[in-house]
Amino acid sequence: MKGKLIEICGIDGTLKTTICNAIQDTGYDAVFTREPYRRGLADEYKEVSDKYLVPYSFAVDRHHHMRDVIIPELEKGNTVICDRGLHCNLAYQAYEGASMEWTMKIQSPIMVMPDLIIWLLGNPVKCAERSGETDSNRLAEIQRLYSQAIGMTPEIPVFSINIENTDINVMHDKVIKKVEEMRE
């Protein structure tokens, strides 16, 4: 494929959507999308404790996302910036009890791996405050699981930013610079 896929990931409260919106608001030449692709999917499963049903639902959602948005845009040569993605799904589903290996295995047969992962790291207590999450220990564990999830795809470059020490404008500039380097 001619285009590039960038996944922006991190625990709740790491400003993923904020940074994606800030980049988009500058008129940056990229296609912006997010996961889950189908709005409301995550909310539908907040109270479901079935460690198999939820990953399957997200895998089906990712298949539609790949088929309908990501692959067509990459084939056109566009850069696609995705707010959340595979690694987010692996970490969160692992927290709920599904193995990362199994969750990876059930992904769409048309799954496209990102060309770059931008991993936003934050203090779980501060992230919980920003996101309205009541359990900062849950976020700390999910952040640890992210490390494992990203480790499953060592061939993909990872650019990490500690959001607690970085102004949003500096984050924006760092992300744009990294995307530009990757596009060259």
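The values are calculated or read from the model by the stated rules, or taken from the named source; none is laboratory data. In this text the structure is predicted, and so the values were computed from the model without any measurement. So basically every Cβ, Gly included, is an ideal-geometry build from the backbone, and we count neighbours across all protein chains shown.
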Is it the case that Q148 is surrounded by fewer than 22 Cβ atoms within 10 Å (Cβ to Cβ) and in a loop (DSSP other than H, G, I, E, B)? no
Report every pair of residues separated by at least 6 positions or lying on different chains whose Cβ atoms are under 8 Å apart, first residue within the range 55-76 and in contact (Cβ under 8 Å) with a residue 40 or more places away in the chain, second among the aliphatic types (A, V, I, L, M) and in a helix (DSSP H, G or I). R62/L86
Search result, residues across the range 129-168 that are of a type in the set (S, T, N, Q), touching a residue at least 12 places away in the same chain (Cβ under 8 Å) and over 17 Å from A94 (Cβ atoms): S131, S136, S160, N162
Which residues, taken from the range 122-138, are surrounded by 19 or more Cβ atoms within 10 Å (Cβ to Cβ) and either within 15 Å of the chain's Cα centre (by Cα) or more than 25 Å from C20 (Cα to Cα) (or both)? G122
The lone condition E155 fails out of (1) in a loop (DSSP other than H, G, I, E, B); (2) touching a Ser or Thr at 6+ places or on another chain (Cβ under 9 Å); (3) closer than 30 Å to G77 by Cα is (2)
In the range 70-90, what residues are closer than 14 Å to I6 by Cβ and either in contact with a Ser or Thr (Cβ under 9 Å, 6 or more places away or on another chain) or part of a loop (DSSP other than H, G, I, E, B) (or both)? I70, E73, N78, V80, I81, C82, D83, R84, G85, L86, H87
Log entry, pairs with first residue in the range 1-16 being surrounded by fewer than 22 Cβ atoms within 10 Å (Cβ to Cβ), second being among the polar types (S, T, N, Q) and not in a helix (DSSP H, G or I), beta carbons closer than 9 Å, six or more apart or on different chains, reads K2/N78; G3/N78; G3/T79; K4/N78; K4/T79
Output for the range 169-184, where each listed residue is of a type in the set (A, V, I, L, M) and either within 14 Å of A30 (Cα to Cα) or surrounded by 14 or more Cβ atoms within 10 Å (Cβ to Cβ) (or both): M171, V175, I176, V179, M182
Selection from the range 103-117 of residues surrounded by fewer than 19 Cβ atoms within 10 Å (Cβ to Cβ) and either within 17 Å of I8 (Cα to Cα) or at pLDDT 95 or above (or both) yields M111, V112, M113
